[in-house]
Structures are given as structure tokens and as C-alpha cells.
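**Q** Below is the structure I would like to discuss, written out as C-alpha cells.
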Amino acid sequence: MVDTQHSLAASFAPVLNELDLNLYDVEVVSASQGPRILRVLVDRPGGVDLEAITAATQALSEILDSPGETPDPVIAGRYTLEVSSPGLERPLRRIEHWEGAREKTVTVKFRDEGVAQRVKGVVVSLNETSVTLDVDGREQEILFSEITGARTVFEWGSEPRLATKNRKPKSKKKSEKVA
């Protein structure tokens, strides 16, 4: 399946670049019933809007639906194409994703000596083989080969401020006194 994802990414990236979009990730999900799901995540500085998602969906559909042009036989035939942004809590699958997550809070699922583990920490450093997290004040190194899933964690900052621009002050109701 990894070869399929690389093949699709190689076909999709140039088309998305023409739309000023970056290919964040490609995932082929086998559905228990029905067609496979081809999930494509796109991004750009400042984020993506609905117009960008629509343009990407149309461009990728043209590639996939062209007779004899399917970039990979695994998705030949029926499939469901999902195009979206990576979202606030982004999956971390490639080294570039991890580099973008430096100094950010992440959750990581991994296997340590065959035992499933899950930690939440801040990405301190990384190299080609591992990532180091600050987990509750102590550093923990995790090999990429042991990671089964990881994503950034969206954390609310201070309380959101209410917009005051164009806001009318609340009017006070005057109650009439009965004499």
C-alpha cells in the first residue's frame, strides 16, 4: 500500500502545485464494504478554503477518471475520493510533518517491546530514525519504526475574546412602576 501512496503522490503533487496547494498526505483506506476510500490532504500557508478543496477535487478526479491514466492499479475501478485539509489535529506520517510539529504538542501511539503505549508531549527534536518528546518534564525518545499513529494536538489558548467591533451595547429594559 505504501507503493500505491507514493505512486499517487507523485501523480498528484504537480497538479496540486499548479493550484498553489501542497500535497500533505495520501491515504488509501480499504473499506469493509463498498469502494476503497482515497483520502487526499492538501494545505497551503494560511490554510485552504472551500474553493481550493473544490478545485483540487476536480483536478484529481480528472486524473483518476481519465481512461488508461489511473496512476495506480490498486484504485482502478470503484473508489471514493475525499479531499480535505489536514485540519487542526494533523496526522504525522512523514518526516516533513514532524519537522512542522517542532515545539508543538502531539499524541503518539507506539509499541514498546510489543506493548501498545500512548503518550502526549511536546516535540523537542528529531532525526531520521526517532523523535524526542518532552513528556511531563522528562525527555522520551521514540523510534519512528515503533510509531503506529501520531497527530498534533489542538490546544485552546487563553479564552477567546468576543468581537467588539460593530457590536451594540445591550439595552436595559425599563420597567414601568405601577403606582
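**Q** Please work out how much length the chain gains when fully extended from Q58 to A31, using 0.36 nm per residue of separation minus the C-alpha to C-alpha distance, in nm with one decimal.
**A** 7.4 nm
**Q** Now a separate question. What distance in nm separates the two pseudo spin-label positions at Q117 and L50, each 7 Å out from Cα along the beta-carbon direction?
**A** Here the answer is 4.5 nm between the modelled labels.
**Q** Let me ask you something else. Assigning unit charges at the beta carbon (Lys, Arg +1; Asp, Glu -1) and nothing else, what dipole magnitude in debye, to the nearest 20, does the range 95-152 show about its Cα centre?
**A** About 320 debye.
**Q** Still on this structure: Run the numbers on the range 95-152 and let me know its relative contact order in percent, using alpha-carbon pairs under 8 Å that are six or more apart.
**A** Averaging sequence separation for qualifying contacts and normalising by length gives 35 percent for the range 95-152.
Since every read-out is calculated from the coordinates, none of them should be taken as a lab result. Since the model is a prediction, treat every value here as computed from it, not as a measurement. Quick reminder, even Gly has a Cβ in these numbers, built from the backbone with ideal geometry, and neighbours come from all protein chains shown.
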